[in-house]
Amino acid sequence: MSEDINDNVPSRQRRRFPGISSRTYEHPADRSALVALRKLSGFDTVFKALSALLPERSLRLLFLSDSVRVSDAQFAHLNAMLRDACYILDLEKVPSMYVTQNPQPNAMCIGIDEPIIVVTTGLVELLDEEEMRAVVGHEVGHALSGHSVYRTILLFLTSLALKAAWIPLGNVAIMAIVTALREWFRKSELSADRAGLLVGQDLQASMRGLMKIAGGNHLHEMNVDAFLEQAEEYERGGDLRDSVLKILNVLPRSHPFTTVRAAELKKWSETRDYQRVMDGHYPRRDEDKDTSVSDSFRQSAASYADSVKSSKDPLMKLVGDIAGGTADLGGKLRDTFTAKSARPSDKPSGPDSDPSDGKPEQNGHEEG
């Protein structure tokens, strides 16, 4: 059962955000991906069908019977963090939270009618108190944004609905929806990371938590600055082939890569927008009804344009060049993906010839 936020409220040391709207921390890519998802052909049909058919009561009974429910009597420190996160983000009801036995560090927020937060023992054992506080805030951010509904549908589509022959849209259409859901969910993780920072209000703890998820409990062997340098190298490294491989690598994932998440969160923490939130200037929930969808979409589009302009990724740089009318797309793609054959008028092959032979490159967990 959900618990009223005013029950057993612990002492507060961090800034609180009364009436905060999820628009405050939602990444522009999250909003635009959700708009694109809702416009996807067949999504409304699947959404309505699954919303009525998903066995949410069975899901709750499953966690109740085979996991440990967080309370003052069980995992009391997590219960205090959960109430604290809900108090800071002004979430009216505290969601039920469960700890489930699984060595894989993971957490998720699911549920159609009411959100349920689930964390694994692997995550609880991996993170210290402040790192865990950021994760709990991350999941409460999902709950406040209403992400749990779409997350639940994604889980059921990938595990059950794909095998159900009675779904009229067919496997191809379902896979299109699953792919779009995954793309949105990866973006929603960036939003929830921001919510985790607003709750924990400790950037270094957020960075450490992401670093541990990537490399385990070996802080003495790791360095936050070096970890962020990996994200920089990942973004700028290689050529167009590497850009394509990045896309292919991320498509099956529900989460962005951890170095990317860390870099995105650090970037947001250094913005004027973040400072304004910490100063108490942020959108309120009671203003949500007056928000223009078209304005939100324009903001998302502007954010994408800025991202493309500032990106060091070869493909994004090419897109930016094309948008600015300064690139020869055909020529760059031809030079990148094919070997440059020597024409009769060219120099003969030898030590001075182009070494590019078009050889293919080889390309090789998660908290929600």
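The values are calculated or read from the model by the stated rules, or taken from the named source; none is laboratory data. Small disclaimer: the values here were computed from a predicted structure and weren't measured. Because the Cβ atoms are built from the backbone with ideal geometry, glycine has one as well, and the counts that use them run over all protein chains shown. Protein only, heavy atoms only, side chains kept; ligands, DNA and RNA dropped before computing areas. Shrake-Rupley method; radii C 1.70, N 1.55, O 1.52, S 1.80 Å.
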Looking only at segment 187-219, which residues are of a type in the set (D, E, K, R) and assigned to a helix (DSSP H, G or I)?
K187, E189, D193, R194, R208, K212
Which residues, counting only those in segment 66-95, are in a helix (DSSP H, G or I), more than 20 Å from T120 (Cβ to Cβ) and not acidic (D, E)?
R83, C86, Y87, I88
Examine segment 213-232 for a residue that is open to solvent by 30 Å² or more (accessible area, probe 1.4 Å), at pLDDT below 70, of a type in the set (G, A, S) and farther than 26 Å from I20 by Cβ, and state whether such a residue exists.
no
Restricting the search to segment 251-302, which residues are open to solvent by less than 30 Å² (accessible area, probe 1.4 Å) and either touching a strand residue (DSSP E or B) at 6+ places or on another chain (Cβ under 9 Å) or modelled with pLDDT under 90 (or both)?
S254, H255, P256, V277, Y282, S296, S300
Is there a residue being assigned to a loop (DSSP other than H, G, I, E, B) and at pLDDT 70 or above anywhere in segment 26-44?
yes
Which of the residues belonging to segment 81-140 are of a type in the set (A, V, I, L, M), in contact with a strand residue (DSSP E or B) (Cβ under 7 Å, 6 or more places away or on another chain) and either open to solvent by 20 Å² or more (accessible area, probe 1.4 Å) or within 18 Å of G19 (Cα to Cα) (or both)?
L82, L89, V94, M108, V124
Evaluation of Q101 against (1) farther than 18 Å from G196 by Cα; (2) at pLDDT 95 or above; (3) within 20 Å of the chain's Cα centre (by Cα) (one fails), failing number
(3)
